[in-house]
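Asks: Below you'll find the structure I mean.
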Amino acid sequence: MFNSLRQSNPDIMNAIVFKHAKNGNWTISLYNVRECDEKDWFGRFHCGQFMKEHYKGGGHPGAAGCTITQEQFIKILKKKEL
């Protein structure tokens, strides 16, 4: 999926995937779509840190996730930002 995204949109750095659960909650998965070495992460957007600080989630520099409520999801949609 990310290979085609990089090819068709060379300026895209990150991707977000939302998944709706049967219990009404949502899962957010956040990815860095640019490949790089672990030592090259300095100064780049850290997915895990962002999710931890903003949504009590977790992960690592290249990918992270969290679970949010329906109400939180609607707020994200209204603001048009994560």
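The values are calculated or read from the model by the stated rules, or taken from the named source; none is laboratory data. Keep in mind it's a predicted model, so treat the numbers as computed, not measured. All Cβ positions, glycine included, derive from the backbone under ideal geometry; neighbour counts span all protein chains shown. Accessible surface is based on the protein model in full, side chains and every heavy atom, while ligands, DNA and RNA are left aside. Shrake-Rupley method; radii C 1.70, N 1.55, O 1.52, S 1.80 Å.
Asks: Any chance you could count how many residues in region 1-26 are within 15 Å of ILE68 (Cβ to Cβ), assigned to a strand (DSSP E or B) and open to solvent by less than 50 Å² (accessible area, probe 1.4 Å)?
Replies: Counting residues in region 1-26 that are within 15 Å of ILE68 (Cβ to Cβ), assigned to a strand (DSSP E or B) and open to solvent by less than 50 Å² (accessible area, probe 1.4 Å) gives 1.
Asks: Go over the candidates LYS56, LYS79, LYS22, LYS52 one by one and state the one that is at pLDDT 85 or above, among the charged types (D, E, K, R) and at positive phi.
Replies: LYS56
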